[in-house]
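Report on the structure given below.
What follows draws every value from the coordinates through simple rules; no lab data is involved. As the structure is a computational prediction, the values presented were derived from the model and not from experiment. Ideal geometry is used to build each Cβ from the backbone, glycine not excepted, and the neighbour counts take in all protein chains shown.
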Amino acid sequence: MRCYRAHVLVCAGSACVTLGCHPVKEAILEGIKRHRLEEEIKVVETGCMGFCEQGPLIVVYPEGVMYCRVQAEDAAVIVSEHLLKGRVVERLLYRDTDTNKPIPFMKDQPSLSKQIKVAMRNAGFINPEDIEEYIANEGYFALAKVLSGMSPEAVINEIKDSGLRGRGGAGFLTGSKWEFTNKAQGAQKYVVCNGDEGVPGVFMDRSILEGDPHSVIEAMAIAGYAIGADQGYVYVRAEYPLAVEKLRHAINQAREYGFLGYNILGTGFSFELNIRVGAGAFVCGEETALLASIEGRRGTPKPRPPFPANKGLWGAPTLINNVETLASIPPIILKGSDWYASMGTEKSKGTKVFALTGRIKRPGLIEVPMGMPLREIIYDIGGGVLNNKKLKAVLAGGPVGGFIPADYLDVSMDYESVAELGTLIGSGSLSVIDEDTCVVDLVKFFMEFSCEESCGKCTPCREGLKRMLEILTRVTEGKGQERDIEDLERLSDFIKNTALCGLGQAAPSPVLSMLRYFRPEFEAHIRDKHCPASVCAALLDSPCQSA
Amino acid sequence: MEAATTKCRCGLEAELEKVLAAHEGKKEDLIEVLYWVQKNYGYVPKEVQVVISEKMKVPLSTVYDVITFYHLFSLKPKGKYEISVCNGTACHLRGAPFILKSFEKELGIKPQDTTGDNMFSLGLIRCLGACAVAPNISINSEPHGRMEPELVTKIVKALKEKSKLADCIE
């Protein structure tokens, strides 16, 4: 293996690609060629580094200097100054939002100090297209450990003891899911990875699939061994073509190296993996709908039980885990369940990836121990509210979640505490809203989403959500009536208790959350025909109030 | 009016045969086949639905059922430039509705429509997963972030010119 004097890591996560990191990479390669540095410097394309707001990002090692918002024109300077002469290019460094002082080294980033990366351990550090980089970072060690000396029961116990819970939204104990599928009777069993990250505002699964696909492949093979399956499917949503490409490449490499396929590592265990690409339907994130979609049908949910653990894909026992959950498996096997369980709270163990978006200074992906107060996440890691506006609430769980108002910012971010506030950790979406956001307008927006994405199979969701949307639309147009509040509450209650799948049941959550925390604002829309945040166009009648 | 397609369809029939042959006997691959058709034809024409139904031994009603269920498939041809405005939560909070309005004004069409000259289609998309650089749009699946309403006129103009140039070369 050749040794290089320096490595230039170019972040090629979804945000950086959107902002044009590929022309930057080309320009750097060109500069390196011009200065004849090809033998000394290696340029590596990595997955998401998490500082998406500052993209396109470049990190130069061994020093670990991070350059932000790099454009193709800047490449020549980075090459001639930093790579050739060893001088840091100050104008491209990240600057502290308060002091405006440059922070040259990535490790000193204020948002990093409180993070612990487990599921995201490799994303942004390795080249996802090179299996050897993954192996060099203890990749496939866990699979080897499992296959060479652990019984399926021992593997399941390890996962159970770690306390890991499904990161896709439901928060069910992963180890128990494995145990049920292991005990289910059936000659053929399947492992399915749910990569249908449909909730708008989250992108951790995308980042893991794009930046560290092997961690998911390794975990699926381990899961296959634990439950007795020799086949697996990764279901990825169609909106993520790059993730599909990286995953396909990784599966081929894993096959070549003998980590997938027949007789893995000479142990007699065989496991084959296929990719299924979705076609754009939010409901396919629901596990029974996802299975229908893999079978090539309309993705509509089925009543449970029977659970997929007993009757899943083509009627066979099937284990379904989310991408982030799977990516956490190999470190748990290697470092032990005690290590993982030492992080987090009593009932919510380990770390969780959150996507910080909305009106926040440093949006991006972060991974923190569960139980961290929301205030630390928003202010210490996220840098606070954009333009120093007043924080109104944080929206957790996306369109099927609810609000955490500013008064509750000290809530511990674990499954139980967040549920007490009437919302959910969900898949980890945290959208900050400030004083300029109208909650009624926002909730209406979510209801539009849920109506559009309702699969139409069960009546409460198909018809009920539509009625709720009609009421909300009316209210934002200044035609609200006094009984609308009561009607919304009644409909919400009804849908929550009678919809067929988890998505339908959760769809009224934003409305209930709004009525719980922002009732006066909603009432102002109805009684005073006034939008306190000055968003609803029909309710901006008095200029003195709207000023 | 003849329905215009986004891409040249010469030779596609032969390729379709090949794709169908590769998935022979695998009904579960229906979505994958439709995916290929959408990508190459720009939509799923009725005659292709019939061919798929016959070759894959799936009822035509099921084929139609699947096409209309998933957002990705369309029964109408799309314009040469398919502009999708992301309307996920993050983009909504950072001004996606204003971006959409600008495109509506600039192109004179509403979402899910195509301009009369088959040049532009406008659509909404739920989350491209680049939320940190919201608002996002995509033009023929290529994502663009940090969008501003002021940029919309420029983008449309640039695409029109690009198309004119391409016509000249042809």
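Calculate, in nm to one decimal, what A:Lys101 and A:Asp410 gain on full extension: separation in residues at 0.36 nm each, minus their alpha carbon distance.
Full-extension gain reported as 108.3 nm.
When Cβ neighbours within 10 Å are restricted to other protein chains, what is their mean count per residue of peptide A:355-364? Present the calculation step by step, with values, prior to reporting the outcome.
Values: counts 5, 3, 9, 8, 3, 3, 0, 1, 6, 3.
Taking all residues of A:355-364 together, the mean is 4.
In what order do A:Cys455, A:Cys68 fall by count of nearby beta-carbon atoms within 10 Å, going from fewest to most?
The most exposed by this proxy come first: A:Cys68, A:Cys455.
Can you give the net charge of the other residues whose Cβ lies under 12 Å from the Cβ of A:Glu63, counting K and R as +1 and D and E as -1?
That works out to +2.
Using a Förster radius of 35 Å, what is the FRET efficiency between A:Cys68 and A:Cys3 based on their Cβ-Cβ separation? Nearest 0.05, please.
Numbers: r = 28 Å, r/R0 = 0.81.
Efficiency, from the Cβ-Cβ distance: 0.80.
Sequence neighbours fewer than 8 away in the same chain don't count; with that in mind, list the lysines whose C-alpha is under 20 Å from A:Lys390.
Straight-line reach from A:Lys390, under 20 Å: A:Lys361.
How many percent of DSSP beta bridges within the protein assembly as shown run antiparallel, rounded to 5?
Beta bridges within the protein assembly as shown, antiparallel portion: roughly 55 percent.
Whole Å is fine, so just give me how far the alpha carbon centre of segment A:103-158 lies from that of segment B:76-97.
Between the Cα centres of segment A:103-158 and segment B:76-97 lies a distance of 35 Å.
In whole Hz and in residue order, list the ³J(HN,Hα) couplings for segment A:329-335 that follow from phi through the Karplus curve 6.51 cos²θ - 1.76 cosθ + 1.60, θ = phi - 60°; x for Gly and Pro.
Whole-Hz 3J(HN,Hα) from phi for segment A:329-335: 5, x, x, 5, 5, 6, 9.
Going by C-beta contacts inside 10 Å, put A:Thr99, A:Thr345, A:Thr174 in order with the fewest on the left.
A:Thr99, A:Thr345, A:Thr174
Cross-link list B:Lys39/B:Lys110; A:Lys145/A:Lys352; A:Lys183/A:Lys302; A:Lys389/A:Lys496; A:Lys107/B:Lys154: which exceed 29 angstrom alpha carbon to alpha carbon?
Over 29 Å apart, Cα to Cα: A:Lys389/A:Lys496; A:Lys107/B:Lys154.
Starting from the Cα of B:Gln112, step 7 Å toward the Cβ, then list every residue of segment A:418-460 with an amide N under 15 Å from that point.
A:448-456
In nm, to one decimal, how far is the modelled label at A:Glu346 from the one at B:Glu24, with both set 7 Å along Cα→Cβ?
Inter-label distance under the simple model: 6.4 nm.
Relative contact order of segment A:349-434: what whole-number percent is it, with Cα pairs under 8 angstrom and at least 6 residues apart?
Here the relative contact order equals 36 percent.
Under a 5 Å amide H to amide H cut-off, with H placed in plane at 1.01 Å, what residues pair with A:Gly402 once short-range neighbours are removed?
Those lying under 5 Å, H to H, from A:Gly402 are A:Ala396, A:Leu424.
Below 8 Å between Cα atoms, with a sequence gap of 6+, how large is the relative contact order for chain A in percent?
13
Label A:Val88 and B:Lys105 with points 7 Å out from Cα along Cα→Cβ: what is the distance between them in nm?
Simple spin-label model gives 4.5 nm for this pair.
May I ask you to derive the relative contact order of segment A:131-340, considering only C-alpha pairs under 8 Å and at least 6 residues apart, and to give it as an integer percent?
On the way: 391 pairs, mean separation 65.0, N = 210.
Relative contact order here is 31 percent.
How about segment A:1-98: which GluC sites (Glu not before Pro) there are in a DSSP loop, with at most 15 other Cβ atoms within 10 Å of their Cβ?
On the way: sites: A:Glu26, A:Glu30, A:Glu38, A:Glu39, A:Glu40, A:Glu45, A:Glu53, A:Glu63, A:Glu73, A:Glu81, A:Glu90; in loops: A:Glu38, A:Glu39, A:Glu40, A:Glu63.
Answer in residue order: A:Glu38, A:Glu39, A:Glu40, A:Glu63.
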